[in-house]
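Engineer: One structure, pasted below without further comment.
The values are calculated or read from the model by the stated rules, or taken from the named source; none is laboratory data. Quick caveat, the model's predicted, so the values are computed rather than measured. Backbone-built Cβ (ideal geometry, glycine too); neighbour counts: all protein chains shown. Protein only, heavy atoms only, side chains kept; ligands, DNA and RNA dropped before computing areas. Shrake-Rupley method; radii C 1.70, N 1.55, O 1.52, S 1.80 Å.
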Amino acid sequence: MATLVTGGTGYIGSHTVVELLGAGKDVVILDNFYNSSPKVLPRIAELAGRAPAFEECDIRDRAGLDRIFETYKIDSVIHFAGLKAVGESCEKPLLYYENNIGGTVTLCEAMAAHGCKNIVFSSSATVYGSGNVSPLREDMPVGGTTNPYGTTKYYIEHILEDTAAADKDWHVCLLRYFNPIGAHKSGRIGEMPNGIPNNLLPYITQVAAGKLDHLNIYGNDYNTPDGTGVRDYIHVVDLALGHLKAMDYTADHAGVSIFNLGTGKGYSVLEIVAAFEKASGVKIPYEFAPRRPGDLDSVYSDPSKAERVLGWKAERGIDEMCADSYRWQHQNPNGYED
Ligand code: NAD
Ligand code: UDP
């Protein structure tokens, strides 16, 4: 039996596929390359020692999904496919609702039609909105999202919960990721740069590479120890390993399970700059800039449920995250185009 990994050529998906293959699982990747490159596929095979099956397909394409379920014996789905740029989601909300929500509904319909009712979904800490105080726990209220991207995650959680409530055969796992950074230790796979990055680490690595002049730090008057925003950064390989634990758990548990995947430790922007400089030996010039709309002071997880229930805990620290981000950028200045 194989696991279908939607969005499996993307940043988190590619790292997860390497770990799945390494653990002896059979994998079928589905992706439309909207935000990824076919060139990741031979690198996944190189790292894992064998190739996953691959199907170029869109999660909104019901006939394409049916063909995939008919071709392979698929008993579980890890669903990464989606658009994730917060700023773009504010400019093109309908694209985000159609792709992320419409795509997930079509995927679930195809799954149900083929008797596969086991799904692990990539949700986000953004579903906790602005109304909760960190450390964030899975039993806190969700909602109050501040952009269409975040709202798609909130709605999809609801849709999957309703689906599982209506049909007891569904096994659903909602994984709420905090801030994934880093890359595979080999430097062969990582986050593909796409225009000017919005997120902190890709921006810093491009400053380090000389592609961008300096980092703008959005706000130095937050209610945090040094005034800059605090987030819970997690190594993408730790995150990938969390999916393997979640998949095994979900296979045995009907209904909906929810887990935070974070480290539980928050770092400020200035602490990340210092850690990156130490790991890379490169100075990162920065300037303080106004706060970015929608940003919160401090967002970090209580990851204890995942440790207690799944037996999973993030192992890689901030120095390793920064060193691995830098290695990937340094070895592949233009991502998979190199
Ligand atoms: P990514 O953009 O690197 O990967 C997503 C993949 O999905 C890409 O390969 C893209 O081509 C594919 N895709 C998008 N729409 C598709 C469609 N309609 N049909 C088929 N393929 C499609 O992003 P990522 O960082 O790997 O994120 C994976 C998932 O995790 C996303 O759902 C994202 O929202 C979620 N997430 C990411 C973060 C983060 O900071 N990276 C944080 C929380 C949650
Ligand atoms: N940030 C920053 N400059 C940037 C990008 C991000 O100062 O160019 C800050 C941002 O304000 C936040 C932290 O870095 O405090 C993490 O931002 P990111 O966009 O990576 O993640 P998110 O806001 O989704 O947690």
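Engineer: Could you list, ordered by first residue, the pairs with Cβ atoms under 7 Å in which the first is in region 214-235 and within 12 Å of Ala289 (Cβ to Cβ) and the second is within 16 Å of ligand 1 (Cβ to nearest atom) and part of a strand (DSSP E or B), at least 6 apart or interchain?
Structural biologist: Cβ pairs passing all conditions: none.
Engineer: Moving on to the next point. His79 fails exactly one of the following numbered conditions: (1) touching a helix residue (DSSP H, G or I) at 6+ places or on another chain (Cβ under 7 Å); (2) within 7 Å of ligand 1 (Cβ to nearest atom); (3) within 22 Å of Leu174 (Cβ to Cβ). What is the number of that condition?
Structural biologist: (2)
Here's the yes/no breakdown for (1) in contact with a Cys (Cβ under 6 Å, 6 or more places away or on another chain); (2) open to solvent by 50 Å² or more (accessible area, probe 1.4 Å); (3) among the aliphatic types (A, V, I, L, M):
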| site | (1), (2), (3) |
| --- | --- |
| Asn32 | no, yes, no |
| Asn35 | no, yes, no |
| Pro52 | no, no, no |
| Ile59 | no, no, yes |
| Leu107 | no, no, yes |
| Ala112 | no, no, yes |
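Engineer: While we're here: Return the total of residues in region 257-303 being more than 16 Å from ligand 1 (Cβ to nearest atom), outside any loop (DSSP other than H, G, I, E, B), farther than 15 Å from Met321 by Cα and open to solvent by less than 50 Å² (accessible area, probe 1.4 Å). If you could, list the steps in order and put the result at the bottom.
Structural biologist: Start the filter on region 257-303 by keeping residues that are more than 16 Å from ligand 1 (Cβ to nearest atom), which leaves 257, 264-265, 268, 270-271, 273-291, 293, 297-298, 302.
Checking the rest, the ones that are also outside any loop (DSSP other than H, G, I, E, B) come to 257, 268, 270-271, 273-280, 286-289, 298.
After this cut, where a residue has to be farther than 15 Å from Met321 by Cα as well, the list is 257, 270, 286-289, 298.
Subsequent filtering for residues that are open to solvent by less than 50 Å² (accessible area, probe 1.4 Å) retains 257, 270, 289, 298.
Number of matching residues: 4.
Engineer: So, one more: When region 89-105 is examined, which residues are found to be open to solvent by 40 Å² or more (accessible area, probe 1.4 Å) and either of a type in the set (Ser, Thr, Tyr) or in a helix (DSSP H, G or I) (or both)?
Structural biologist: Kept after step one, since they are open to solvent by 40 Å² or more (accessible area, probe 1.4 Å), are these residues of region 89-105: 90-95, 97-98, 105.
The answer is Cys90, Glu91, Pro93, Leu94, Leu95, Tyr97, Glu98, Val105.
Engineer: Looking at region 307-337, which of its residues are of a type in the set (S, T, N, Q) and either open to solvent by 60 Å² or more (accessible area, probe 1.4 Å) or on the phi > 0 side of the Ramachandran plot (or both)? First the steps, then the outcome.
Structural biologist: Applying the first criterion (of a type in the set (S, T, N, Q)) to region 307-337 yields 325, 329, 331-332, 334.
Scanning region 307-337 gives Gln331, Asn334.
Engineer: Another one. Between a first residue in region 285-303 that is in contact (Cβ under 8 Å) with a residue 40 or more places away in the chain and a second residue that is open to solvent by 50 Å² or more (accessible area, probe 1.4 Å) and of a type in the set (Val, Ile, Thr), which pairs have beta carbons less than 6 Å apart while being 6 or more apart in sequence or on different chains?
Structural biologist: Filtered contacts from region 285-303: Gly294/Thr146.
Engineer: Please enumerate the residues belonging to region 36-62 that are in contact with a Gly (Cβ under 6 Å, 6 or more places away or on another chain) and part of a loop (DSSP other than H, G, I, E, B).
Structural biologist: Going residue by residue through region 36-62, those that are in contact with a Gly (Cβ under 6 Å, 6 or more places away or on another chain) are 36, 48, 57, 59-60.
Matches in region 36-62: Ser36, Cys57, Ile59, Arg60.
Engineer: For region 278-292, does any single residue satisfy the condition of being within 26 Å of Glu138 (Cβ to Cβ) and not acidic (Asp, Glu)? Walk me through how you get there before you give the answer.
Structural biologist: As a first pass, look at region 278-292 and keep what is within 26 Å of Glu138 (Cβ to Cβ): none.
No; the residues of region 278-292 include none that is within 26 Å of Glu138 (Cβ to Cβ) and not acidic (Asp, Glu).
Engineer: Which one is nearest to Val27 (Cα to Cα) among residues in region 70-85 that are out of contact with any Leu (no Cβ under 8 Å at 6 or more places or on another chain) and crowded, with 18+ Cβ neighbours inside 10 Å?
Structural biologist: Initial filter on region 70-85 (out of contact with any Leu (no Cβ under 8 Å at 6 or more places or on another chain)): 70-71, 73, 75, 80, 82, 84-85.
Next, only the ones that are crowded, with 18+ Cβ neighbours inside 10 Å stay: 80, 82, 84-85.
On the way: Phe80: 14, Gly82: 19, Lys84: 23, Ala85: 27 Å.
Per the criteria, the residue is Phe80.
Engineer: Specify the residue that is least open to solvent (accessible area, probe 1.4 Å); the eligible residues are those in region 221-231 that are touching a helix residue (DSSP H, G or I) at 6+ places or on another chain (Cβ under 6 Å) and more than 16 Å from ligand 1 (Cβ to nearest atom).
Structural biologist: Narrowing region 221-231 to residues touching a helix residue (DSSP H, G or I) at 6+ places or on another chain (Cβ under 6 Å): 226, 228-229.
Now narrow it down to the ones that are more than 16 Å from ligand 1 (Cβ to nearest atom): 226, 228.
Numbers: Asp226: 57, Thr228: 0 Å².
The residue in question is Thr228.
Engineer: List every residue pair whose Cβ atoms sit under 9 Å apart, with the two residues 6 or more apart in sequence or on different chains, where the first one lies in region 21-49 and is among the polar types (S, T, N, Q) and the second, anywhere, is surrounded by fewer than 16 Cβ atoms within 10 Å (Cβ to Cβ) and assigned to a strand (DSSP E or B).
Structural biologist: Asn32/Glu56
Engineer: OK, next. Is it the case that region 179-196 has a residue that's β-branched (Val, Ile, Thr) and free of Cβ contacts under 8 Å to residues at least 24 places away in the same chain? So that I can check it myself, show each step before the final result.
Structural biologist: So in region 179-196, the residues β-branched (Val, Ile, Thr) come out as 181, 189, 196.
Narrowing further to those that are free of Cβ contacts under 8 Å to residues at least 24 places away in the same chain: 196.
Yes: region 179-196 contains one or more residues that are β-branched (Val, Ile, Thr) and free of Cβ contacts under 8 Å to residues at least 24 places away in the same chain.
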